[in-house]
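The values are calculated or read from the model by the stated rules, or taken from the named source; none is laboratory data. Predicted model, so just to flag it, every value in this text is computed and none were measured. Counting neighbours? That spans all protein chains shown, and the Cβs are built from the backbone with ideal geometry, glycine included. Remember, those area values only see protein heavy atoms, side chains included, never the ligands or the DNA or RNA. Shrake-Rupley method; radii C 1.70, N 1.55, O 1.52, S 1.80 Å.
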Amino acid sequence: MESVIRGAAVYLFVWLIFRVSGKRTLSNATTFDLVLLLIISETTQEAMIADDNSMMNGLLIIVTLIGIDIAFSLWKQRSKAVERLLDGAPLLIVEDGRLIPERAIRSRISESDVMEAARDKHGLERLDQVKYAVLEVSGKITVVPK
Amino acid sequence: MQIDDQPPAHLQIDQDLTHEERQWKAERISRVIMLLIATAGLLGLLGRGPLSYTSVRSADGTIEVRYHRFERALASSDLVVSVKPPTDQTPLAIWIDQEYLGTVKLERITPEPNWSEVHADRVVLYFDAGPEGAVISLRQQALGPGLPQAQLGIEAGSSVSFRQIVYP
């Protein structure tokens, strides 16, 4: 019983903390972000496993985590509002070569973040070559060139 | 450019600025909550720390126990029992309530008792102690979350009682 409760509690807690920390947290994938993610996963694992290293405990926790994930995805499929609540929504941050300042500030995005995505995927040189840039739910910035 | 701008009609994007406003608000509130949690952790309100470490002394001052008010399940911590003169007992006998022992795992007793006796309601530990008193450390681990009430004392002498908060 405890394994299922632990698995569910950790799933919900991790979801909540990543959800309220913003789209950009840990999505930048710098080396440090990767290390931070590994530290978080290690800490989470300790909290879930506690002092029970049995196979049955591992099996129960995996089934719980995957089960909740499937349940959430089915729920998201049925309702747009639930999908927004659980995953968030994409946000337009550059329109016609201009950064929309308020959205960028609140989403913790700078012009250089947009230019990094623009150079990376499209080899663009300047912001005015960007038609649209969208902050996706994954935290990545996608760019539509002019 | 205003924040309530609609996305261009030809860009198929599932944008929802009302939701985004709520999201940003939740992010701001959560930052404050995270700061409060970290501060509470530093102060020792969520486990061991300065506000957690406390002591309880019997009315006559012969026994004092230093303990953590806030504990975490499966984390080890020490109960330090100080017995002060007058202790005319030879050997020194310290009893611990059985009900409390059911909520913790005693990992180590320093110094080790010479022997122990088990009764229905308590366990009595016997030590060789000098006339100047003794300090005994009990390393223990709370087995699960709850509000265990601990009682311990000197056999045929004073006792102390305290409650701990054990977080999951």
Pick from B:Ile136, B:Ile33, B:Ile63: which is most flexible by mean-square fluctuation in a GNM of chain B where alpha carbon atoms under 10 Å apart are linked?
B:Ile33
Tail beyond 12 Å, pair distance distribution of the range A:73-115 (Cα, percent)
64
State in Å² the accessible area per residue of chain A; use a 1.4 Å probe, count heavy atoms of protein chains only, and round to the nearest integer.
61
Enter the accessible area per residue of chain B (Å², integer; probe 1.4 Å; all protein chains in place).
56
Please list A:Tyr11, B:Tyr67 from largest to smallest accessible area, probe radius 1.4 Å, with all protein chains kept in place.
A:Tyr11, B:Tyr67
State the answer as a single residue: which of B:Thr62, B:Phe162, B:His19 lies farthest towards the positive end of the charge dipole of the protein assembly as shown, with beta carbon charges of +1 for Lys and Arg and -1 for Asp and Glu, about the Cα centre.
B:His19
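Ordering A:Lys23, B:Lys84 by accessible area with a probe of 1.4 Å, largest first, what comes out?
Details: A:Lys23 35, B:Lys84 75 Å².
Output order, biggest surface exposure first: B:Lys84, A:Lys23.
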Quote the charge dipole size of chain B about the Cα centre in Debye, to the nearest 20; the model charges only the Cβ of Lys and Arg (+1) and of Asp and Glu (-1).
220
Return one quarter of the surface area of the convex hull spanned by the alpha-carbon atoms of the protein assembly as shown, equal to its mean projected area, in nm².
22.3
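Got a sec? What order do A:Arg19, B:Arg108, A:Arg6 fall in by accessible area at 1.4 Å, biggest, i.e. largest, first? List each step's numbers first, then the result.
On the way: A:Arg19 35, B:Arg108 130, A:Arg6 65 Å².
The most accessible residue leads, giving B:Arg108, A:Arg6, A:Arg19.
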So how tilted is helix B:17-43 from the main axis of chain B? Cα-based, degrees 0 to 90, rounded to 10.
20
The percentage of the accessible area of the range A:1-143 (probe 1.4 Å, all protein chains present) made up of carbon and sulfur atoms, to the nearest whole number, is 64
How large is the dipole of the protein assembly as shown about the Cα centre if only Lys and Arg carry +1 and Asp and Glu carry -1, each at its Cβ, rounded to the nearest 20 debye?
920
Taking chain A as the reference, fit the longest principal axis to its C-alpha atoms, fit the long axis of helix A:2-20 to the helix C-alpha atoms, and give the angle between the two in degrees, 0 to 90, nearest 10.
10
Using bins 10 angstrom wide from zero, how does P(r) for the range B:53-167 break down, in % of all Cα pairs?
14, 50, 31, 5
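Divide the volume of the convex hull of the Cα atoms of chain A by its number of residues and quote the answer in cubic angstrom per residue. List each step's numbers first, then the result.
Numbers: hull volume 18.8 nm³, N = 146.
Cα-based convex hull of chain A, divided per residue, equals 128 Å³.
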On C-alpha positions alone, give me the angle between the axis of helix A:111-122 and the longest principal axis of chain A, in degrees, nearest 10.
90
Run the dipole for the range B:1-59 about the Cα centre, Lys and Arg Cβ at +1, Asp and Glu Cβ at -1, nothing else charged, and hand back the magnitude in debye, nearest 20.
820
In peptide A:94-104, how many Cβ atoms from other protein chains are near each Cβ within 10 Å, on average?
2
Hey, any idea what the orientation-averaged projected area of the convex hull of the range B:34-113's Cα atoms comes to, in nm²?
6.8
Would you be so kind as to list the residues of the range B:23-49 that have their accessible area lowered by at least 10 Å² in the full protein complex compared with their chain by itself (1.4 Å probe)?
B:Gln23, B:Trp24, B:Ala26, B:Glu27, B:Arg28, B:Ser30, B:Arg31, B:Met34
Among the lysines, which fall within straight-line cross-link reach of A:Lys146, defined as a Cα-Cα distance under 25 Å, with same-chain neighbours fewer than 8 residues apart omitted?
A:Lys121, A:Lys131
What percentage of all Cα-Cα pairs in the range A:91-145 are separated by more than 19 Å?
12
Chains B and A: buried accessible surface, both sides, probe 1.4 Å, rounded to 100 Å²?
2300
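In whole percent, what relative contact order does chain B give with Cα contacts below 8 Å and a gap of six or more residues? Intermediate values should be presented prior to the final figure.
Values: 315 pairs, mean separation 38.5, N = 168.
Computed value for chain B: 23 percent relative contact order.
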